[in-house]
Structures are given as structure tokens and as C-alpha cells.
Amino acid sequence: MATNAPTKMKKLINKVEDLVPESLAGLEAAHPDLVKIDAKNNVVLRAGGPKKGKVALISGGGSGHEPMHGGFVGLGMLDAAAAGNIFTSPVPDQMEAATRAVDGGAGVLHIVKNYTGDVLNFQMAAELVAGEIEVSSVVTNDDVAVQDSLYTAGRRGVGVTVLVEKIAGAHAEEGGSLADVTATALKVNGQGRSMGLALTSCIVPAAGTPTFDIGDDEVEVGIGIHGEPGRRREKLASIDEMAEWLVSPIVSDLGLAKGDSVLAFVNGMGGTPLIELYGAFNSVNKILKGQGISIGRSLVGDYITSLEMAGFSVTLLKLDDELVRLWDAPVHTPALRWRV
């Protein structure tokens, strides 16, 4: 008998409930020189333990956004990352365990994407170690697509989180104080904005079917990283036109002007090949050049994803000499590495 039930999508998994711990175990097996896994708490730790006298950086969030955050643990970025279930915030106990594990005596910076569960649970973790470990927190909120969403009060934290982790991580690596590293993280968040679009929905493994329906000729503009709805739905257009949909609101929100230099980050959402992402970067470059804005640094690839969603996001960070220096500083993590 015919049925209208949606078809279950194929996934490379054993059991849904084992996906996150098995993925973390694979990360450790692939990069034992960089990371170790606290399997009890699903926390990725920098190999070699805490560095005495260094400010430690922690982030975390729901799984399904890989390589964020575990792929950014290592020299010049994070000291730990707490992994929640798919699209689900880690619990405070995980974040507390991570904070205690990486404390080297100089304090710990929590880098938190602006999703309600993440913010509340990181706050609780900071309270659990209060009086023992000095903790500072920076909440990223760079998404210009919406002011509020199903998951946030205020703007969502998306692509700029990668840049905060890299640049603040470099400042910590060179010996900056907790106050100074926190100020750098706040500066990056304040000077960076993002916006993304989706060509297809993601498919949460436990559900096995697309999170939202979208036509073959449609694009969701302004999406989040959990399948949240965007600003509007448009007909599929050329990459030049779609890049304009994302770049213009960012340029306007940041107040970028002729003569400014930016770090341009074109991020894949998990299901878009690099040939298309570089095409998107070419479009972004043409748009910015047309406005007299130069690209001083760049990043292209899958760095903060939404499972296998097809689409891309654009993040622009207004640069100055200090940010360029910290961006160029050595980094060696499973997902980001140079000049080591």
C-alpha cells in the first residue's frame, strides 16, 4: 500500500545515541598529538594538559556543527570544548569539568554563542567554580539576519565565533591577561557580522527526515545553524545575486566604507562543495571591491556547519593591525593550522 510517510535519510552511524561519543573518539584517534577526550563528560581537551600561567579558552555547544568546536582545540585556539547532543547545549556539569581541567592559574574565558541554552548553562558552570577559578565570558552575537529567534534573545552567534576563538586564542597564547584576552574577544565580536542562506534543510539523525521543507527552486535567506527559519524565502538566483543578499546587510550593519580592510570568511554549511564556495568568495570579493573595501585576510571552507545543509554564510571582520597580527599568529588544531 502506498504511504505518504517521509523517506528516512541514510547516515553513517551505528546507533543514534552513540554518534557524539564515537565521533569524539574518532577525533582523538585521528589527532592524539593535539587532543584528548574526557569521555565521561564529552569534552575535548588540549593534549598535554593545562599550561601554567596561560589564560585558558573554552567553548562548546550542540554537536552537528563540526569542526566547531572540538576541531578548534589546540595551539593558538581553544583549550577545551564541551560537546552537547545534536543541536543541544552541553549541560553545566560538562562546562564545569572543562573549566576545571584547563585552569592554569591565569583564569578561564568562556566563549559562548548566543543561544539561550548555551548562555544559561555556561553561566551556571561559572557559578559552580566561583571563588576557585576566575572566569570571564564573551557571548558572540554576529548574525544580522534576525534580532531574535526561536533560540535566542538578541542576535544569534554564528561565524564570528570561529574568528573570536582564533584571535583571542592567539592573544592568550602570547601571554595576555584574562582582562586583555576578554577585551580582544569582545573587540572581534563587535567588529564582525555574519549572514547565511540555505539551499536545503539539514537532517537531524534522530529524526531522519529534513527539518524544514524547501522547494527545488527556493532559497532560505538568513538561516541559523539549527535549521531555524530565515528572514525570507527567495527563488534560486545566481551566486552573484545571492552573495549580494548576504554582503549588503553586513556592510550596512558594520558601517564599512571605502578604504576599510576586512577579513572575509565564506563558510560552508556542510553540504556545499569547495568549488561552489570559492565561486561564492569570488562574488563576495567583487562586491567588496566595487565599494572600495579590501580583503586583507580570508578563510574559505566548512568551519561552522549545520550537518549536511547545503548553503553558505558570509562573515566580515573589520581589521586593524592588531587583529591582523593575532590572526596570522601560529595555530595548530585539527581543523585550522598554519605557520607552526
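The values are calculated or read from the model by the stated rules, or taken from the named source; none is laboratory data. What you are looking at is a predicted structure, and each value in this text was computed from that prediction instead of being measured. FYI the Cβ positions are ideal-geometry reconstructions off the backbone, even for glycines, and counts take in every protein chain you see. Keep in mind that these areas ignore ligands, DNA and RNA; they rest on the heavy atoms of the full protein, side chains included. Shrake-Rupley method; radii C 1.70, N 1.55, O 1.52, S 1.80 Å.
Could you tell me what fraction of 2.2 N^0.38 Å the Cα radius of gyration of the chain comes to, as a two-decimal ratio?
Normalised by 2.2 N^0.38 Å, the Cα Rg of the chain equals 0.96.
For a bin width of 10 Å, list the pair-distance distribution of segment 1-83 built from all Cα-Cα distances, rounded to whole %.
Distribution as computed: 17, 45, 20, 10, 6, 2, 0 percent.
Using 7 Å Cα-to-Cβ label points, what is the Asp93/Glu276 separation (nm, one decimal)?
4.1 nm
With a 1.4 Å probe and all protein chains left in place, how much accessible area per residue does segment 73-125 have, in Å²?
Numbers: 1460 Å² over 53 residues.
Computed with neighbouring chains in place, this is 27 Å² per residue.
With r defined as the distance between the Cβ atoms of Ile295 and His332 and R0 fixed at 22 Å, what FRET efficiency is calculated, to the nearest 0.05? Don't jump to the answer; show the numbers that get you there.
Values: r = 24 Å, r/R0 = 1.11.
My answer for the efficiency is 0.35.
Estimate the FRET efficiency between Ile239 and Ser177 by the formula 1/(1 + (r/R0)^6), using the beta-carbon distance for r and 51 Å for R0, to the nearest 0.05.
0.70
Of all DSSP beta bridges located in the chain, what percent are antiparallel, nearest 5? Write down the numbers at each step before the final one.
Numbers: 32 of 57 bridges.
Of those bridges, close to 55 percent are antiparallel.
Given points 7 Å out from each Cα along the Cα-Cβ axis, report the Leu186 to Lys15 separation in nanometres with one decimal.
Roughly 4.7 nm, to one decimal.
Starting from 0.36 nm per residue, how many nanometres of slack lie between Met124 and Asp320 once their C-alpha separation is accounted for? Working shown, then result.
Details: separation 196, 0.36 × 196 = 70.56 nm, distance 3.48 nm.
Length gained between Met124 and Asp320: 67.1 nm.
List, largest first, the extents of the alpha carbons of segment 45-199 along their principal axes, each in whole Å.
45, 29, 26
Thinking of segment 198-269 as a set of Cα atoms, what percent of all their pairs are more than 15 Å apart? If you can, show how the numbers build up before the last one.
Working: 1595 of 2556 pairs.
The proportion of pairs with Cα distances above 15 Å equals 62 percent.
Could you work out the Kirkwood radius for segment 223-305, taking every pair of different alpha carbons, averaging 1/r and inverting it, reported in Å?
Working: mean 1/r = 0.0733 Å⁻¹.
Evaluated over segment 223-305, this radius sits at 13.6 Å.
For the chain, what is the mean residue ellipticity at 222 nm derived from helices alone (per DSSP H run of n ≥ 4: -39500 (n - 2.57); sum divided by total residues; nearest 500 deg cm²/dmol)?
-10000 deg cm²/dmol
In this model, which of Lys286/Lys318; Lys113/Lys166; Lys187/Lys318; Lys166/Lys187; Lys54/Lys318 are farther than 19 Å apart at the alpha-carbon? Please list the in-between numbers first.
Working: Lys286/Lys318 17 Å; Lys113/Lys166 15 Å; Lys187/Lys318 10 Å; Lys166/Lys187 13 Å; Lys54/Lys318 27 Å.
The pairs that break the limit, which is 19 Å between Cα atoms, are Lys54/Lys318.
Take the alpha carbon gyration tensor of segment 133-291, find the square roots of its eigenvalues, order them as a ≥ b ≥ c, and report rounded if a/c is under 1.5; if not, report prolate when a/b exceeds b/c, else oblate.
Numbers: a/c = 2.02, a/b = 1.36, b/c = 1.48.
Cα axes put segment 133-291 in the oblate bin.
Stretched out fully, how many nm does the piece from Ala25 to Ala47 gain, at 0.36 nm a residue minus the Cα gap? Mind dumping the intermediate values first?
Values: separation 22, 0.36 × 22 = 7.92 nm, distance 1.39 nm.
That pair, Ala25 and Ala47, stretches by 6.5 nm at full extension.
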